[in-house]
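What follows is a set of notes on a single structure, which appears directly below.
The values are calculated or read from the model by the stated rules, or taken from the named source; none is laboratory data. Bear in mind that the values here come from a model prediction, so they are computed numbers and not experimental data. Note that each Cβ is placed from the backbone with ideal geometry, even for glycine, and that neighbours are counted across all protein chains shown.
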Amino acid sequence: MLYGKYRFFCSLETNASLPPYKGSTFRGVFGLALKKVVCALKRQECANCLLKQRCVYALVFETSESLELPEGSRIVSPPHPFVIEPPLTTETEFRKGASFDFNLLLFGELNNSLPYFIYAFDQMGKIGVGKKIDGKRGRFVLKEVRHKEQIVYSDADRKLNAIDSLKRLSIPAAADCSKGGFCLRLILETPLRLKFENRFKADLPFHVLVRAMLRRSSSLLNCYGDGEPPLDYRELVKRAETIRIVDTNLSWFDWKRYSHRQDKSMLMGGLIGSVTYEGTIQEYIPLIEFCSKTHLGKQTSFGLGKINAEMAP
């Protein structure tokens, strides 16, 4: 699966008031800006639009309606092909001239549409973000976009540069699971929303984590990559049930977001903190590395489910 991680560097033109967690604010305004940039039939509903399978906006935000799934696919709700990683600072008040940076992750062939995303974020700066101050939202200027160390866009010349190369993500067959035990510390950098047996989990047994990682990797690779990874799902889950928790520092974090599409506030909660597991974990490392790059759980497009792992013998 083609994988691009792009760093956006911005500078505020006005004062701005943003929420402690900024992912939903960024995603909401980004959706408005992208539709403004690419939509050819402004008054046409995406579900009924003849262009939906070629429209960048529909593929990004109306994924279920526009994405052609592989034949025989059992995926009910295709994952969105992007993630916005907002600034992780909990600061809410920003002064004119302050800089703030964020990442955009793109999956699959949508990486070839990066110019649309850059232009949409440029327009997003003109629309403004956050609460209104003196009747206006915080406006910003997109200064630069980078892929690794390569400058893809700069406002100095407003030119787009071709990307040298993109990484491809995959999951190899499971490693040998007969080796000795290790400890793995999993850090939840943004709220993680996981459902197990149709309920949100307030703890994180290793087998629940593995089930979620298998769902995430399978759906992304089926929709945007080379198809089903070569894994024995049942056996991986079965062995995951033997991995035990040796330390936990998890808590539930609630936050609110306003949905313009549904015209209402929504309470969103998820796990934050860290948890340490012990056992034969080596065979799960490829899964963990994949999901560390693509996020995990629900509402990943907001930047939720950002995980990081540390291994120790």
Worksheet item: Hey, any hits in region 272-279 for a residue that's at pLDDT 95 or above, in contact with an Asp or Glu (Cβ under 6 Å, 6 or more places away or on another chain) and over 19 Å from E241 (Cα atoms)?
Response: no
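Conditions (1) under 30 Å from S251 (Cβ atoms); (2) over 20 Å from the mean Cα position of the chain (by Cα); (3) surrounded by fewer than 16 Cβ atoms within 10 Å (Cβ to Cβ), marked per residue:
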site: R168; (1), (2), (3): no, no, yes
site: E189; (1), (2), (3): yes, no, no
site: F206; (1), (2), (3): yes, yes, no
site: Y224; (1), (2), (3): no, no, no
Practice prompt. Would you tally the residues in region 86-112 being at negative phi and out of contact with any helix residue (DSSP H, G or I) (no Cβ under 8 Å at 6 or more places or on another chain)?
Written response: 17
Practice prompt. Search region 122-156 for residues being aliphatic (A, V, I, L, M), touching a residue at least 12 places away in the same chain (Cβ under 8 Å) and more than 22 Å from N111 (Cβ to Cβ), and hand back the single one that is surrounded by the most Cβ atoms within 10 Å (Cβ to Cβ).
Written response: V129
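Could you pull out every one of the strands (runs of 3 or more DSSP E) wholly within region 85-161 that has 3 or more residues that are under 23 Å from V60 (Cβ atoms)?
The strands (runs of 3 or more DSSP E) meeting that bar are 99-107, 140-147.
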Practice prompt. Would you check if A173 is of a type outside the set (D, E) and in the same structural domain as K96 (by TED's automatic domain parsing)?
Written response: no
Worksheet entry | Number of the exception - K126 against (1) more than 22 Å from the chain's Cα centre (by Cα); (2) under 24 Å from S219 (Cα atoms) | (2)
Item to complete: Go through region 289-313 residue by residue and tally those that are more than 19 Å from S24 (Cα to Cα) and not hydroxyl-bearing (S, T, Y).
Response: 10
Discussion item. Filter region 219-255 down to the residues that are in contact (Cβ under 8 Å) with a residue 40 or more places away in the chain and part of a helix (DSSP H, G or I) and list them by number.
Written reply: S219, L220, L221, N222, C223, Y224, L236, R239, A240
Practice prompt. Hey, could you check region 95-107 for residues that are at pLDDT 95 or above and crowded, with 20+ Cβ neighbours inside 10 Å and say which is nearest to R216 (Cα to Cα)?
Written response: F107
Discussion item. Considering only region 165-181, I want to know if a residue exists there that is touching a strand residue (DSSP E or B) at 6+ places or on another chain (Cβ under 6 Å) and part of a helix (DSSP H, G or I).
Written reply: no
Worksheet item: Is it the case that region 79-90 has a residue that's buried (at least 16 other Cβ atoms within 10 Å of the Cβ) and over 24 Å from T190 (Cβ atoms)?
Response: no
Worksheet item: From the list D164, D134, D157, which residue is at positive phi and over 19 Å from the mean Cα position of the chain (by Cα)?
Response: D134
Item to complete: Return the total of residues in region 89-139 being touching a Cys at 6+ places or on another chain (Cβ under 9 Å) and under 16 Å from R27 (Cβ atoms).
Response: 5
Item to complete: Evaluate region 73-81: report whether one residue or more is assigned to a loop (DSSP other than H, G, I, E, B), more than 16 Å from Q299 (Cα to Cα), at pLDDT below 85 and of a type outside the set (V, I, T).
Response: yes
